[in-house]
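The values are calculated or read from the model by the stated rules, or taken from the named source; none is laboratory data. Just so we're clear, the structure is a prediction, and the values are computed from it rather than from any experiment. With ideal geometry, Cβ positions are generated from the backbone for all residues, glycine too; neighbour counts draw on all protein chains shown. Just the protein is used for accessible areas: all its heavy atoms, side chains included, with ligands, DNA and RNA removed. Shrake-Rupley method; radii C 1.70, N 1.55, O 1.52, S 1.80 Å.
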Amino acid sequence: MANAQDVAAYIIDKCGEMTAMKLQKLLYYSQAWHLVWSEQPLFGEEIQAWANGPVVYDIYRKHSGQFRVGEWPHGDASRLNADEAGSVDAVLDAYMPFTAHQLSEMTHHEDPWRIAREGVNDGVRSNRPISLASMHEYYSARTA
């Protein structure tokens, strides 16, 4: 299994420079859909339900203070196996056309982020985790 740093490197290698926010949302959707398609996590790092949508804190620590990310030397894209790369490629095909703001808004209307934020007011900081189970359940229902 790859780690989130490796997946971030893969995304940047495939797509080039993007906002840090967009990278975060693509990581989230890659994890979600890989859970559905492969019945296992793409990476082991926790995803948190921040005010602007899902965030992999381990990735955030590396890009904090940067608006755009053009390279990701913290991971190794070659560590993704064919199944993992296939999941990420499918997510990129589907979600790259959207802006970071659009992706953030999409997550705000989907159950995994909403469930993790229950009882937290809009715009308020939170580091509550988004559960893999809620991601799998919600996105599996979207394939039916």
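Please work out, to two decimal places, the log10 of the ratio I(q)/I(0) at q = 0.09, 0.15, 0.21 Å⁻¹ from a Debye calculation in which every Cα of the chain carries one identical scatterer.
-0.23, -0.68, -1.42
Roughly how far apart, in whole Å, are the Cα centres of the stretch 83-140 and the stretch 8-65?
9
For the peptides 122-134, 12-24, what is the packing order when you average, over each peptide's residues, the other Cβ atoms within 10 Å and list the highest mean first? Mind dumping the intermediate values first?
Numbers: 122-134: 13.4, 12-24: 17.8.
For the peptides 122-134, 12-24, the packing ranking is 12-24, 122-134.
Once both labels are modelled 7 Å past Cα along the beta-carbon direction, what's the Ala141-Gln102 spacing in nm?
2.5
Label Val120 and Asp13 with points 7 Å out from Cα along Cα→Cβ: what is the distance between them in nm?
Reported label-point gap for Val120 and Asp13 is 3.2 nm.
What part of the accessible area of the chain, given as a whole %, is carbon or sulfur when the probe is 1.4 angstrom?
Working: 3390 of 7240 Å².
So the carbon and sulfur contribution to the accessible surface is 47 percent.
Below 8 Å, C-alpha to C-alpha, sequence gap of six or more: please give me the relative contact order for the chain in percent.
Values: 217 pairs, mean separation 52.4, N = 144.
Reported as a whole number, the value is 36 percent.
Using helices alone, I'd like the mean residue ellipticity at 222 nm for the chain: each DSSP H run of four-plus residues gives -39500 (n - 2.57), total over residue count, nearest 500.
Numbers: 7 runs with 77 residues, N = 144.
For the chain, the value works out to -16000 deg cm²/dmol.
How much accessible area per residue does the chain have, in Å², with a 1.4 Å probe?
Result: 50 Å² per residue.
Which of rounded, prolate, oblate describes the stretch 35-101, given a ≥ b ≥ c as roots of the alpha-carbon gyration tensor eigenvalues and a/c under 1.5 marking rounded, otherwise prolate only if a/b is larger than b/c? Intermediate results must be reported in sequence, preceding the final value.
Values: a/c = 1.43, a/b = 1.35, b/c = 1.06.
Here the stretch 35-101 falls in the rounded category.
For the stretch 102-144, run through the GluC sites (Glu not before Pro) and keep only the ones in DSSP coil with at most 15 other Cβ atoms within 10 Å of their Cβ.
On the way: sites: Glu105, Glu110, Glu118, Glu137; in loops: Glu110, Glu118.
Taking the stretch 102-144 and a limit of 15 other Cβ atoms within 10 Å, the loop GluC sites (Glu not before Pro) found are Glu118.
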